[in-house]
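Step one of this worksheet: look at the structure below.
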Amino acid sequence: MALNRNLTDLTDEELIKEFQVSNTLDAYEILVKRYKDPLMNFVFRFVGDRDACTDIVQDTMIKFYLNKDSYREFAKFSTWIYTIAGNLAKNELKRRKRRNLFSIDNSDDERSIQIEDKSFLAPDRSADSEIKNEMIQRALLRVKPVYREVVILRDIQGLSYEEIAEITKLSIGTVKSRINRGRTQLQKLLKHIYNE
Amino acid sequence: MGINIYNDEEKQFSKLLNDLKELPRVNAPDNFEFQLITRIQNKNFETLPEPREQFNLIKFFAPSAVVVTVIILLFVFLPGNEQYDNPLMADPPQIVAHSDHENVITDQNINNDRTNKQSFNAARQNSSSSLNAAVNPNDAVVKPSSKYPIFNNRSVALDDYISGENKRRNNLQGNVVKGGEDVPEFDGFFIREEADKNTIERYRALLDSVKRAQAKQDSLKGLKEPNN
């Protein structure tokens with residue numbers, strides 16, 4: 001079907017159809033190229049660990065490769081791949097939570113990540129965007145995962161409410177209220193930045 | 001992908017949203033695709049293990065604590081044999097009428113020679129609605145209604161019976177006495193008038209002595225009259 005055209009010109013849905021029907025690995029590779037970075041960004045903001053994030057995105061792509069036939073044409077490919085990545089990221093969080101529950105010496109490490117030490121931040125440095133970005137990322141990790149996920153998808157990844165509702169399998173109303181609560185939590189955690 | 005257009009709801013978070021948008025993008029490592037394709041070619045599809053269902057202490061202990069508490073409470077508060085209240089030994093429930101009020105009305109009725117029975121019945125109905133009155137030592141305890149039928153041919157009104165105006169004599173050996181109202185207040189009790197031999201003998205001796213005295217008086221009168 002689309003072999004006459006350049007594969008890079010095809011839409012996501014056309015590419016996955018090509019991969020499903022003809023098992024064209026090039027189509028798969030193009031989809032991986034398109035989505036590896038957005039998924040990395042999403043998973044990193046959600047989990048907060050670069051190594052774990054790379055593994056999760058790798059696993060997402062493996063699952064995509066193995067379960068390509070479970071994709072249905074009526075859904076958008078982006079929402080389907082985001083759902084896989086989101087589920088794997090949530091599993092990673094559960095695993096970490098469990099690990100922290102039964103681990104004795106992990107608690108100190110976790111606390112060092114969570115606690116902000118503003119005394120070391122000079123006023124000129126606190127304005128520095130790098131520091132600010134790190135503070136935002138730390139605050140983001142303190143927001144409840146159910147709110148964090150939708151805030152990241154909306155405000156960092158820039159997805160529409162409909163796409164988020166499809167990814168999270170929630171109604172649009174629930175998505176909007178969760179986004180609002182997530183933003184409120186985040187703003188409260190970062191009040192020392194936004195009150196100045 | 002959707003376009004991030006801020007609406008009115010998002011204005012209050014505008015600074016935050018701008019900062020979130022400007023967060024640096026995290027990209028995949030350079031060898032990401034190489035590693036992935038290598039895994040696929042080597043059929044190394046081992047992914048991260050699914051997290052097992054977490055054993056939740058709270059989920060386990062909360063229902064257990066409830067069950068244990070219920071069992072303990074059952075043992076503590078279960079009534080023992082010594083506390084068992086035998087219904088056959090218990091006093092029967094008594095319904096106490098507000099008899100002071102009734103007595104007053106009954107006295108009035110006696111004085112008025114039972115001319116206003118209708119008002120009396122009305123007063124009784126009113127008084128029956130106030131059955132929760134305090135019990136005094138002089139209060140009468142009566143049953144609220146008749147359990148057994150009272151036969152009119154065997155019944156007399158108690159007030160009539162006392163005042164001697166009992167006009168309804170029956171042919172039987174006794175009378176069933178009941179209250180003076182139309183509505184029977186209690187089952188009544190049967191008065192049997194049995195003959196007492198001693199009393200009869202005493203009365204008989206009394207009558208004989210009277211007769212003898214009469215005869216004696218007559219004979220004395222007969223003796224005096226010839227003299228006159």
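The values are calculated or read from the model by the stated rules, or taken from the named source; none is laboratory data. Fair warning: this is a prediction, and the values are worked out from it, not measured in the lab. Positions of Cβ are backbone-derived with ideal geometry, glycine not excepted, and every protein chain shown enters the neighbour counts.
Yes or no: A:ARG154 under 20 Å from A:LEU93 (Cβ atoms), surrounded by 20 or more Cβ atoms within 10 Å (Cβ to Cβ), without any contact (Cβ under 8 Å) to a residue 60 or more places away in the chain and within 12 Å of chain B (Cβ to nearest Cβ)? Taking the combined requirement at face value, the residue satisfies it. Of the residues making up segment A:40-72, those that are more than 8 Å from every other protein chain (Cβ to nearest Cβ) and in contact with a helix residue (DSSP H, G or I) (Cβ under 7 Å, 6 or more places away or on another chain) number 11. Look at segment B:11-28 and say how many of its residues are within 13 Å of A:ILE193 (Cβ to Cβ), assigned to a helix (DSSP H, G or I) and facing chain A (nearest Cβ under 8 Å). Final tally of qualifying residues: 4.
The set of residues in segment A:20-33 that are more than 10 Å from chain B (Cβ to nearest Cβ) and either under 15 Å from A:LEU93 (Cβ atoms) or assigned to a helix (DSSP H, G or I) (or both) comprises A:GLN20, A:VAL21, A:SER22, A:ASP26, A:ALA27, A:ILE30, A:LEU31. For A:LEU170, work out the one condition from (1) assigned to a loop (DSSP other than H, G, I, E, B); (2) within 11 Å of chain B (Cβ to nearest Cβ) it doesn't fulfil. The failed condition is (2). Of the set (1) within 7 Å of another protein chain (Cβ to nearest Cβ); (2) farther than 23 Å from B:PRO24 by Cβ; (3) buried (at least 17 other Cβ atoms within 10 Å of the Cβ), all apply to A:LEU10 but (1). Residue-level check: of (1) closer than 17 Å to A:GLN157 by Cβ; (2) more than 9 Å from every other protein chain (Cβ to nearest Cβ), A:LYS36 misses just (2). Among all positions in segment A:168-179, there is at least one residue which is under 14 Å from the mean Cα position of the chain (by Cα) and within 20 Å of A:LYS90 (Cα to Cα). Can you confirm whether segment A:161-170 contains a residue that is touching a helix residue (DSSP H, G or I) at 6+ places or on another chain (Cβ under 9 Å), small (Gly, Ala, Ser) and at pLDDT 95 or above? Among the residues of segment A:161-170, at least one is touching a helix residue (DSSP H, G or I) at 6+ places or on another chain (Cβ under 9 Å), small (Gly, Ala, Ser) and at pLDDT 95 or above, which makes the answer yes. Among all residues of segment A:73-91, there is none that is surrounded by fewer than 16 Cβ atoms within 10 Å (Cβ to Cβ), facing another protein chain (nearest Cβ under 8 Å) and modelled with pLDDT of 90 or more. Being within 14 Å of chain A (Cβ to nearest Cβ) and either at pLDDT 70 or above or not in a helix (DSSP H, G or I) (or both) holds for only one residue in B:THR69, B:THR47, and it is B:THR47. What pairs come up if the first residue lies in segment A:172-196 and is in contact (Cβ under 8 Å) with a residue 12 or more places away in the chain and within 23 Å of A:GLU162 (Cα to Cα), the second is surrounded by 15 or more Cβ atoms within 10 Å (Cβ to Cβ) and among the basic types (Lys, Arg), and their beta carbons are under 6 Å apart, counting only those six or more places apart or on different chains? Sorted first by the residue in segment A:172-196, then by its partner, the pairs are A:ILE179/A:ARG154.
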